[in-house]
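Heads up, the thing below is written out as C-alpha coordinates.
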Amino acid sequence: MITLGKDQVRDLVPMSEAIAAMRSAFIQLSGGDAFAPMRLSLDIPDKNAASLVMSAYTTGSPYYTVKIVSVNYSNPQKGLPLIHAIVQVFDASNGSLVATMDGESITAIRTGAASGLATDLLANKDAKICAIFGTGVQAASHAEAIMEVRHIEKIIVFSRNNKSAELFCDFLSDKIRCEIGDKGSLKEADIVCTTTPAQFPLFDYENIKPGCHLNVVGSHQPSFREVPTELIMNSKVIVDKKEPCEKEAGDLIIPFEEGSWSFNQLHGELGQVASGEIVGRDSDHEITLFKSVGNAVQDLALANMIMEKI
(Lines give C-alpha, C1' and ligand atoms only; values in the text may rest on other atoms or scores of the structure.)
Protein backbone atom coordinates (compact mmCIF):
# COMPACT_ATOMS: atom_id res chain seq x y z
CA MET A 1 0.00 0.00 0.00
CA ILE A 2 1.18 3.53 -0.84
CA THR A 3 1.49 6.11 1.94
CA LEU A 4 2.03 9.78 1.14
CA GLY A 5 2.72 12.60 3.58
CA LYS A 6 2.19 16.35 3.29
CA ASP A 7 5.37 17.18 1.42
CA GLN A 8 4.88 14.36 -1.07
CA VAL A 9 1.32 15.44 -1.80
CA ARG A 10 2.35 19.06 -2.31
CA ASP A 11 5.21 18.06 -4.62
CA LEU A 12 2.84 15.99 -6.76
CA VAL A 13 0.06 18.58 -7.09
CA PRO A 14 0.95 21.96 -8.65
CA MET A 15 -1.82 24.50 -8.13
CA SER A 16 -2.35 24.98 -11.87
CA GLU A 17 -3.08 21.26 -12.26
CA ALA A 18 -5.27 21.24 -9.16
CA ILE A 19 -7.43 24.03 -10.60
CA ALA A 20 -7.81 22.12 -13.85
CA ALA A 21 -8.79 19.01 -11.88
CA MET A 22 -11.43 21.02 -10.01
CA ARG A 23 -12.92 22.17 -13.30
CA SER A 24 -13.46 18.57 -14.40
CA ALA A 25 -14.66 17.49 -10.95
CA PHE A 26 -17.30 20.20 -10.65
CA ILE A 27 -18.56 19.62 -14.18
CA GLN A 28 -18.98 15.92 -13.30
CA LEU A 29 -20.67 16.82 -10.03
CA SER A 30 -23.24 19.11 -11.62
CA GLY A 31 -23.65 16.79 -14.61
CA GLY A 32 -24.64 13.76 -12.55
CA ASP A 33 -21.49 11.70 -13.21
CA ALA A 34 -20.20 11.98 -9.64
CA PHE A 35 -21.47 10.23 -6.55
CA ALA A 36 -20.80 11.93 -3.21
CA PRO A 37 -23.36 11.29 -0.46
CA MET A 38 -23.92 13.83 2.28
CA ARG A 39 -21.00 13.67 4.65
CA LEU A 40 -21.41 12.07 8.03
CA SER A 41 -20.83 14.64 10.76
CA LEU A 42 -20.14 13.78 14.39
CA ASP A 43 -20.27 16.62 16.92
CA ILE A 44 -17.88 16.41 19.88
CA PRO A 45 -19.25 19.31 21.94
CA ASP A 46 -17.22 18.91 25.12
CA LYS A 47 -14.01 19.10 23.04
CA ASN A 48 -15.24 21.95 20.79
CA ALA A 49 -14.70 19.65 17.84
CA ALA A 50 -16.33 17.68 15.05
CA SER A 51 -15.46 14.68 12.90
CA LEU A 52 -16.46 14.35 9.24
CA VAL A 53 -16.49 11.33 6.92
CA MET A 54 -16.70 12.00 3.16
CA SER A 55 -16.73 9.49 0.30
CA ALA A 56 -16.83 9.89 -3.49
CA TYR A 57 -16.77 8.06 -6.80
CA THR A 58 -17.06 9.28 -10.39
CA THR A 59 -18.21 7.17 -13.34
CA GLY A 60 -15.22 5.44 -14.96
CA SER A 61 -12.77 6.25 -12.18
CA PRO A 62 -10.35 3.45 -11.22
CA TYR A 63 -10.65 4.53 -7.58
CA TYR A 64 -13.03 5.77 -4.95
CA THR A 65 -12.00 7.72 -1.86
CA VAL A 66 -13.01 8.09 1.77
CA LYS A 67 -11.74 11.06 3.78
CA ILE A 68 -11.85 11.27 7.56
CA VAL A 69 -11.50 14.77 9.00
CA SER A 70 -11.11 16.06 12.54
CA VAL A 71 -11.97 19.75 13.08
CA ASN A 72 -10.88 21.04 16.48
CA TYR A 73 -11.99 24.65 16.73
CA SER A 74 -9.74 25.45 19.72
CA ASN A 75 -6.57 24.22 18.01
CA PRO A 76 -5.47 27.53 16.43
CA GLN A 77 -5.36 29.11 19.89
CA LYS A 78 -3.08 26.24 20.95
CA GLY A 79 -0.77 26.67 17.99
CA LEU A 80 -2.13 23.50 16.36
CA PRO A 81 -3.77 22.95 12.95
CA LEU A 82 -7.53 23.46 12.82
CA ILE A 83 -7.90 20.33 10.68
CA HIS A 84 -6.36 16.85 10.74
CA ALA A 85 -7.34 14.44 7.98
CA ILE A 86 -6.47 11.36 5.93
CA VAL A 87 -7.69 10.33 2.48
CA GLN A 88 -7.96 6.60 1.85
CA VAL A 89 -7.93 5.45 -1.78
CA PHE A 90 -9.62 2.20 -2.78
CA ASP A 91 -9.52 0.20 -6.02
CA ALA A 92 -13.05 0.61 -7.36
CA SER A 93 -12.95 -2.75 -9.18
CA ASN A 94 -12.19 -4.93 -6.15
CA GLY A 95 -12.48 -2.70 -3.07
CA SER A 96 -8.90 -3.08 -1.88
CA LEU A 97 -7.18 -0.22 -0.07
CA VAL A 98 -4.34 0.96 -2.30
CA ALA A 99 -3.19 4.26 -0.76
CA THR A 100 -3.39 6.49 2.29
CA MET A 101 -2.68 10.18 1.70
CA ASP A 102 -2.29 13.15 4.00
CA GLY A 103 -5.71 14.75 4.08
CA GLU A 104 -4.74 18.15 5.44
CA SER A 105 -2.69 19.02 2.38
CA ILE A 106 -5.26 17.57 -0.01
CA THR A 107 -8.04 19.54 1.72
CA ALA A 108 -6.06 22.78 1.61
CA ILE A 109 -5.03 22.38 -2.04
CA ARG A 110 -8.41 21.30 -3.36
CA THR A 111 -10.29 24.01 -1.43
CA GLY A 112 -7.93 26.71 -2.66
CA ALA A 113 -8.09 25.29 -6.18
CA ALA A 114 -11.90 25.37 -6.16
CA SER A 115 -11.80 29.05 -5.20
CA GLY A 116 -9.15 29.57 -7.87
CA LEU A 117 -11.51 28.09 -10.43
CA ALA A 118 -14.42 30.19 -9.15
CA THR A 119 -12.25 33.30 -9.28
CA ASP A 120 -11.12 32.53 -12.81
CA LEU A 121 -14.74 32.10 -13.92
CA LEU A 122 -16.38 34.90 -11.94
CA ALA A 123 -13.96 37.66 -10.94
CA ASN A 124 -13.34 40.69 -13.14
CA LYS A 125 -10.39 40.09 -15.45
CA ASP A 126 -8.55 43.18 -14.20
CA ALA A 127 -8.85 42.24 -10.49
CA LYS A 128 -5.59 43.23 -8.78
CA ILE A 129 -6.15 43.33 -5.02
CA CYS A 130 -7.13 40.30 -2.93
CA ALA A 131 -8.23 40.30 0.72
CA ILE A 132 -7.89 37.10 2.73
CA PHE A 133 -9.51 36.46 6.10
CA GLY A 134 -7.49 33.88 8.02
CA THR A 135 -3.82 32.98 8.24
CA GLY A 136 -3.81 29.17 8.23
CA VAL A 137 -3.11 26.57 5.55
CA GLN A 138 -6.36 27.40 3.76
CA ALA A 139 -5.40 31.06 3.58
CA ALA A 140 -2.00 30.14 2.13
CA SER A 141 -3.59 27.84 -0.43
CA HIS A 142 -6.05 30.54 -1.44
CA ALA A 143 -3.27 33.09 -1.91
CA GLU A 144 -1.48 30.65 -4.21
CA ALA A 145 -4.64 29.83 -6.18
CA ILE A 146 -5.76 33.45 -6.65
CA MET A 147 -2.30 34.46 -7.87
CA GLU A 148 -2.47 31.58 -10.34
CA VAL A 149 -5.56 32.96 -12.11
CA ARG A 150 -5.22 36.76 -11.73
CA HIS A 151 -2.37 39.26 -11.86
CA ILE A 152 -2.53 40.19 -8.19
CA GLU A 153 -0.54 43.22 -7.06
CA LYS A 154 -1.37 43.15 -3.36
CA ILE A 155 -2.84 40.83 -0.73
CA ILE A 156 -4.53 42.31 2.34
CA VAL A 157 -4.59 39.97 5.34
CA PHE A 158 -7.22 40.04 8.08
CA SER A 159 -6.80 38.18 11.35
CA ARG A 160 -7.93 38.55 14.95
CA ASN A 161 -4.34 37.76 15.91
CA ASN A 162 -1.94 40.48 14.81
CA LYS A 163 1.10 38.25 15.29
CA SER A 164 -0.39 35.59 13.01
CA ALA A 165 -1.11 38.26 10.41
CA GLU A 166 2.50 39.48 10.58
CA LEU A 167 3.85 35.95 10.18
CA PHE A 168 1.53 35.31 7.25
CA CYS A 169 2.63 38.49 5.52
CA ASP A 170 6.26 37.48 6.09
CA PHE A 171 5.47 34.10 4.54
CA LEU A 172 4.08 35.79 1.41
CA SER A 173 6.61 38.63 1.22
CA ASP A 174 8.91 36.98 -1.32
CA LYS A 175 5.96 36.33 -3.66
CA ILE A 176 3.66 39.32 -3.38
CA ARG A 177 3.21 42.67 -1.65
CA CYS A 178 1.26 41.97 1.53
CA GLU A 179 -0.22 44.17 4.27
CA ILE A 180 -2.40 43.79 7.36
CA GLY A 181 -5.88 45.12 6.70
CA ASP A 182 -8.55 47.16 8.42
CA LYS A 183 -12.17 48.02 7.58
CA GLY A 184 -11.11 50.81 5.26
CA SER A 185 -8.65 48.74 3.26
CA LEU A 186 -11.24 46.01 2.67
CA LYS A 187 -13.00 48.43 0.34
CA GLU A 188 -9.99 48.23 -1.98
CA ALA A 189 -10.39 44.48 -2.58
CA ASP A 190 -11.42 43.16 -5.98
CA ILE A 191 -11.43 39.60 -4.58
CA VAL A 192 -12.20 38.51 -1.01
CA CYS A 193 -11.52 35.03 0.42
CA THR A 194 -12.87 33.99 3.81
CA THR A 195 -11.14 30.92 5.23
CA THR A 196 -12.12 30.99 8.91
CA PRO A 197 -14.39 28.92 11.19
CA ALA A 198 -16.24 32.11 12.14
CA GLN A 199 -19.64 31.93 13.80
CA PHE A 200 -20.55 35.54 12.98
CA PRO A 201 -19.98 37.84 9.97
CA LEU A 202 -16.41 39.04 9.59
CA PHE A 203 -17.30 42.39 8.00
CA ASP A 204 -20.19 44.65 6.99
CA TYR A 205 -21.75 44.67 3.54
CA GLU A 206 -20.91 48.33 2.94
CA ASN A 207 -17.20 47.47 3.04
CA ILE A 208 -17.50 45.34 -0.11
CA LYS A 209 -17.08 47.36 -3.28
CA PRO A 210 -19.18 46.90 -6.43
CA GLY A 211 -17.73 44.33 -8.80
CA CYS A 212 -16.06 42.33 -6.02
CA HIS A 213 -15.89 38.55 -6.17
CA LEU A 214 -15.95 36.56 -2.92
CA ASN A 215 -14.93 32.99 -2.11
CA VAL A 216 -16.66 32.01 1.15
CA VAL A 217 -15.29 28.65 2.23
CA GLY A 218 -14.51 28.60 5.95
CA SER A 219 -17.77 27.84 7.76
CA HIS A 220 -19.60 24.59 7.06
CA GLN A 221 -22.19 24.37 9.84
CA PRO A 222 -25.77 25.67 9.60
CA SER A 223 -25.35 28.00 12.59
CA PHE A 224 -21.96 29.43 11.50
CA ARG A 225 -21.33 32.12 8.92
CA GLU A 226 -18.59 34.43 7.69
CA VAL A 227 -20.60 36.98 5.70
CA PRO A 228 -23.66 39.13 6.49
CA THR A 229 -27.20 38.62 5.22
CA GLU A 230 -27.15 41.88 3.26
CA LEU A 231 -24.22 40.63 1.19
CA ILE A 232 -26.06 37.42 0.28
CA MET A 233 -29.13 39.46 -0.67
CA ASN A 234 -27.08 41.67 -3.01
CA SER A 235 -24.81 39.07 -4.62
CA LYS A 236 -25.02 36.59 -7.46
CA VAL A 237 -24.56 33.38 -5.44
CA ILE A 238 -22.94 30.28 -6.94
CA VAL A 239 -22.40 27.12 -4.87
CA ASP A 240 -20.32 23.97 -5.15
CA LYS A 241 -23.41 21.76 -4.82
CA LYS A 242 -26.91 22.92 -3.91
CA GLU A 243 -28.15 20.07 -1.69
CA PRO A 244 -25.26 20.06 0.81
CA CYS A 245 -25.37 23.86 1.01
CA GLU A 246 -29.07 23.69 1.89
CA LYS A 247 -28.12 21.62 4.95
CA GLU A 248 -24.68 22.93 5.95
CA ALA A 249 -24.03 26.44 4.61
CA GLY A 250 -24.92 28.81 7.43
CA ASP A 251 -23.95 31.75 5.23
CA LEU A 252 -27.04 30.88 3.16
CA ILE A 253 -29.23 29.05 5.68
CA ILE A 254 -29.35 31.94 8.16
CA PRO A 255 -30.57 34.51 5.57
CA PHE A 256 -33.08 31.89 4.36
CA GLU A 257 -34.40 31.31 7.88
CA GLU A 258 -34.62 35.07 8.41
CA GLY A 259 -36.86 35.28 5.35
CA SER A 260 -34.39 37.62 3.64
CA TRP A 261 -33.24 35.26 0.90
CA SER A 262 -34.31 32.01 -0.76
CA PHE A 263 -32.40 29.08 -2.22
CA ASN A 264 -34.55 29.67 -5.31
CA GLN A 265 -32.39 32.76 -5.82
CA LEU A 266 -29.22 30.70 -6.30
CA HIS A 267 -27.69 31.49 -9.66
CA GLY A 268 -26.45 27.90 -9.95
CA GLU A 269 -23.53 25.58 -9.30
CA LEU A 270 -19.89 26.13 -10.17
CA GLY A 271 -19.91 23.12 -12.48
CA GLN A 272 -22.70 24.70 -14.51
CA VAL A 273 -20.62 27.84 -14.98
CA ALA A 274 -17.51 25.80 -15.83
CA SER A 275 -19.38 23.78 -18.47
CA GLY A 276 -20.95 26.87 -20.04
CA GLU A 277 -24.46 25.78 -19.08
CA ILE A 278 -25.01 29.08 -17.29
CA VAL A 279 -23.27 32.46 -17.54
CA GLY A 280 -21.06 33.58 -14.66
CA ARG A 281 -20.54 37.33 -14.40
CA ASP A 282 -22.90 39.62 -16.34
CA SER A 283 -21.28 42.99 -15.60
CA ASP A 284 -18.19 44.58 -14.11
CA HIS A 285 -20.25 46.02 -11.25
CA GLU A 286 -22.17 43.03 -9.90
CA ILE A 287 -20.97 41.21 -6.80
CA THR A 288 -20.39 37.49 -7.29
CA LEU A 289 -20.10 35.06 -4.38
CA PHE A 290 -18.94 31.44 -4.43
CA LYS A 291 -20.10 29.52 -1.38
CA SER A 292 -18.51 26.13 -0.78
CA VAL A 293 -18.93 23.64 2.04
CA GLY A 294 -16.53 21.26 0.32
CA ASN A 295 -17.31 18.11 -1.62
CA ALA A 296 -15.64 14.71 -1.55
CA VAL A 297 -15.43 14.73 -5.35
CA GLN A 298 -12.65 17.31 -4.95
CA ASP A 299 -10.60 14.88 -2.85
CA LEU A 300 -11.14 12.13 -5.40
CA ALA A 301 -10.02 14.40 -8.24
CA LEU A 302 -6.67 15.08 -6.55
CA ALA A 303 -6.26 11.44 -5.51
CA ASN A 304 -6.77 10.34 -9.13
CA MET A 305 -4.19 12.88 -10.25
CA ILE A 306 -1.68 11.69 -7.67
CA MET A 307 -2.24 8.00 -8.44
CA GLU A 308 -1.51 8.67 -12.12
CA LYS A 309 1.87 10.12 -11.18
CA ILE A 310 3.19 7.45 -8.81
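The table for this structure:
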| quantity | calculated |
| --- | --- |
| Selection from segment 236-251 of residues that are touching an Asp or Glu at 6+ places or on another chain (Cβ under 9 Å) and open to solvent by 20 Å² or more (accessible area, probe 1.4 Å) | LYS236, LYS241, LYS242 |
| Selection count where residues are without any contact (Cβ under 8 Å) to a residue 24 or more places away in the chain, open to solvent by less than 60 Å² (accessible area, probe 1.4 Å) and in a helix (DSSP H, G or I), scope segment 256-288 | 1 |
| Checklist (1) open to solvent by 60 Å² or more (accessible area, probe 1.4 Å); (2) at pLDDT 95 or above applied to ASN215, failing item | (1) |
| Residue within segment 40-53 that is touching a helix residue (DSSP H, G or I) at 6+ places or on another chain (Cβ under 7 Å) and either aliphatic (A, V, I, L, M) or at pLDDT 95 or above (or both) present | no |
| Count of residues meeting criterion [over 20 Å from ALA34 (Cα atoms) and either crowded, with 20+ Cβ neighbours inside 10 Å or among the charged types (D, E, K, R) (or both)] in segment 51-70 | 2 |
| Answer residue from segment 174-203, given it is open to solvent by 70 Å² or more (accessible area, probe 1.4 Å) and within 21 Å of the chain's Cα centre (by Cα) and is farthest from ASP284 (Cα to Cα) among those | GLN199 |
| Qualifying residue in segment 75-88 (condition: at negative phi, assigned to a strand (DSSP E or B) and in contact (Cβ under 8 Å) with a residue 60 or more places away in the chain) | yes |
| Neighbours by Cβ (under 8 Å, 6+ apart or cross-chain): first from segment 5-19, more than 9 Å from ILE306 (Cβ to Cβ) and in a helix (DSSP H, G or I); second open to solvent by less than 80 Å² (accessible area, probe 1.4 Å) and charged (D, E, K, R) | LYS6/ASP102; LYS6/GLU104; ALA18/ARG110; ILE19/ASP120 |
| Residues of segment 220-235 classified as among the acidic types (Asp, Glu) and either open to solvent by less than 30 Å² (accessible area, probe 1.4 Å) or under 19 Å from GLY271 (Cβ atoms) (or both), total | 1 |
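Per-residue answers, yes or no, for (1) open to solvent by less than 50 Å² (accessible area, probe 1.4 Å); (2) closer than 30 Å to TYR57 by Cβ:
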{"position": "LEU80", "(1), (2)": "no, no"}
{"position": "PHE90", "(1), (2)": "yes, yes"}
{"position": "GLY95", "(1), (2)": "yes, yes"}
{"position": "ALA127", "(1), (2)": "yes, no"}
{"position": "ILE132", "(1), (2)": "yes, no"}
{"position": "ARG150", "(1), (2)": "yes, no"}
{"position": "LYS163", "(1), (2)": "no, no"}
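The values are calculated or read from the model by the stated rules, or taken from the named source; none is laboratory data. In this text the structure is predicted, and so the values were computed from the model without any measurement. Don't worry about glycine lacking a Cβ; one is built from the backbone with ideal geometry, like all the others, and counts go over all protein chains shown. For the accessible areas, the whole protein counts, side chains as well, though only heavy atoms, and no ligand, DNA or RNA atoms are used. Shrake-Rupley method; radii C 1.70, N 1.55, O 1.52, S 1.80 Å.
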